[in-house]
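What follows is one structure encoded as structure tokens, with my remarks underneath.
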Amino acid sequence: MSWIREGELNLIERLSANILKAGPVPKHVAFIMDGNRRFARKKHVDRQEGHSQGFNKLAETLRWCLQLDIPEVTVYAFSIENFNRSREEVDGLMELAKLKFLRLLDEREKLEKHGVCIRVLGDLTLLPLDLQQLIAKAVVATREHNRCFLNVCFAYTSRHEMANAVREMAWGVEQGLIKASDVSEALLSECLYSSNSPNPDLLIRTSGEVRLSDFLLWQTSHSCLVFQSVLWPEYSFWNLCDAVIQYQCNHASITVPQLHPNTTLTPLHMTTPPYTLLHNTTPRCDPVPKARELHQDEQRRQQLEADHACVAELLHHHGNGKPADAPRRQEAVTEYGVRREARVKDFLDALRNKRDSFLTELASQATVA
């Protein structure tokens with residue numbers, strides 16, 4: 001089965017898609033593709049066939065996403081915890097992955113035609129070397145494509161990803177690229193496997209389970225979560241439409257109100273949840289940026305406070321304990337911020353080069369034409 005399935009929607013599906021696209025459509029959707037094994041039991045076939053049918057459904061779902069103008073998809077293909085399954089099942093999944101990435105390499109022209117960039121997020125070193133090489137070759141072959149993106153989380157858990165991001169920052173400090181005081185929530189986000197992607201707008205889990213199973217925990221703090229009972233191999237265009245409709249119905253609830261400048265904050269404003277304020281018909285509140293955008297503003301505020309603290313310590317150390325005047329403090333904070341941003345940029349460039357070199361080296365070792 002191809003990674004990219006050709007074909008058009010039927011008339012009713014096209015009409016439905018056009019209606020959905022009249023409203024807000026998520027630009028990035030993440031899937032926990034759950035239910036392959038239960039599907040196999042239901043159909044009285046072996047587990048491997050269930051996993052194979054699950055991949056076929058992924059290819060079909062990617063086509064639906066493209067036709068709904070959803071340019072980025074992230075899928076949970078293989079958790080690190082899946083290594084705890086039976087040796088037979090794990091070996092079968094590794095073989096299936098090899099076959100599918102070989103097929104992807106055979107379809108490079110089709111991927112280029114559609115501008116599909118394939119990224120694999122996870123700890124590749126946990127995988128067999130020949131699979132690592134195939135994955136690297138596929139990633140390198142499509143890295144310049146930029147019309148749509150498929151992120152495959154393989155040998156992945158969110159906790160492992162966050163721990164790895166912390167190790168990357170520690171490496172930066174050890175190399176003298178950044179200072180320990182440069183470490184921040186925003187910098188950690190830039191060190192995640194998913195740093196090249198915006199956070200998902202919508203996360204969908206199938207099979208009726210209502211947990212995230214250590215998937216994109218950091219990235220989905222402001223995402224719409226939809227849990228559907230359908231088993232993944234039985235997923236349909238209409239299931240996807242239902243999830244998008246739920247996203248659209250909840251779109252306003254992740255939009256927070258901004259008070260006009262002449263509004264005085266009261267205890268009610270300070271304690272009432274944003275979704276409650278949204279439903280108030282008060283002329284003093286306007287729905288403006290989403291919660292994630294306000295969170296970014298909060299990150300910038302925290303960074304400015306950290307810069308002030310670092311500068312205060314430096315001025316105290318170099319000024320023999322004498323307080324600096326306000327203009328001098330402000331000038332020092334501005335200069336410190338510029339130097340910090342330059343350090344962080346150099347560190348992130350070095351980190352990207354390190355990761356790219358790892359993939360390029362692996363890809364050069366692959367024996368596939």
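Screening the candidates Glu331, Glu361 for the property of being more than 28 Å from the chain's Cα centre (by Cα) and at pLDDT 75 or above yields one hit, Glu331. I need every pair where a residue in the stretch 78-100 that is free of Cβ contacts under 8 Å to residues at least 60 places away in the same chain and among the β-branched types (Val, Ile, Thr) has its Cβ under 6 Å from the Cβ of a residue that is open to solvent by less than 40 Å² (accessible area, probe 1.4 Å) and outside any helix (DSSP H, G or I), sequence separation at least 6 or different chains. Note: no pairs meet the criteria. The set of residues in the stretch 41-73 that are modelled with pLDDT under 95, in contact with a His (Cβ under 8 Å, 6 or more places away or on another chain) and under 23 Å from Arg211 (Cα atoms) is empty.
Of all residues in the stretch 125-133, none satisfies being in contact (Cβ under 8 Å) with a residue 12 or more places away in the chain and within 24 Å of Cys65 (Cα to Cα).
Screening Asn262 with (1) modelled with pLDDT of 95 or more; (2) loosely packed, with under 15 Cβ neighbours inside 10 Å; (3) not hydroxyl-bearing (Ser, Thr, Tyr) gives one miss only, at (1). The residue that is nearest to Cys241 (Cα to Cα), among those in the stretch 47-95 that are in a helix (DSSP H, G or I) and of a type in the set (Gly, Ala, Ser), is Ala59. Pairing each residue of the stretch 4-33 that is loosely packed, with under 13 Cβ neighbours inside 10 Å with any residue that is in a loop (DSSP other than H, G, I, E, B), provided the two are 6+ apart or on different chains, yields C-beta distances under 8 Å for Arg14/Glu8; Gly23/His251.
Taking Asp214, is it within 19 Å of Leu58 (Cα to Cα) and modelled with pLDDT of 95 or more?
Spelling it out, it is not the case that Asp214 is within 19 Å of Leu58 (Cα to Cα) and modelled with pLDDT of 95 or more.
Checking each residue in the stretch 143-163 for being within 28 Å of Glu81 (Cβ to Cβ) and without any contact (Cβ under 8 Å) to a residue 40 or more places away in the chain picks out only Ala163. Considering only residues that are in contact with a strand residue (DSSP E or B) (Cβ under 8 Å, 6 or more places away or on another chain) and open to solvent by 30 Å² or more (accessible area, probe 1.4 Å), look in the stretch 37-82 and name the one that is nearest to Asn18 (Cα to Cα). Out of the qualifying residues, it is Leu66.
Listed by position, the helices (runs of 4 or more DSSP H) contained in the stretch 96-206 that have at least 3 residues being modelled with pLDDT under 95 and open to solvent by 20 Å² or more (accessible area, probe 1.4 Å) are 108-114.
Quick one: which residue in Leu351, Leu304, Leu315 is at pLDDT below 75, of a type in the set (A, V, I, L, M) and either open to solvent by 60 Å² or more (accessible area, probe 1.4 Å) or on the phi < 0 side of the Ramachandran plot (or both)?
Leu315
Scanning the stretch 140-183 for residues that are farther than 20 Å from Phe358 by Cα and small (Gly, Ala, Ser) gives Ser158, Gly176, Ala180, Ser181.
The values are calculated or read from the model by the stated rules, or taken from the named source; none is laboratory data. Here the structure is a predicted model, which is why all the values come from computation and not from measurement. Neighbour counts are summed over all protein chains in view; Cβ atoms, including those assigned to glycine, are modelled from backbone coordinates with ideal geometry. Quick note on the areas: whole protein, heavy atoms, side chains included, nothing else; ligands and nucleic acids left out. Shrake-Rupley method; radii C 1.70, N 1.55, O 1.52, S 1.80 Å.
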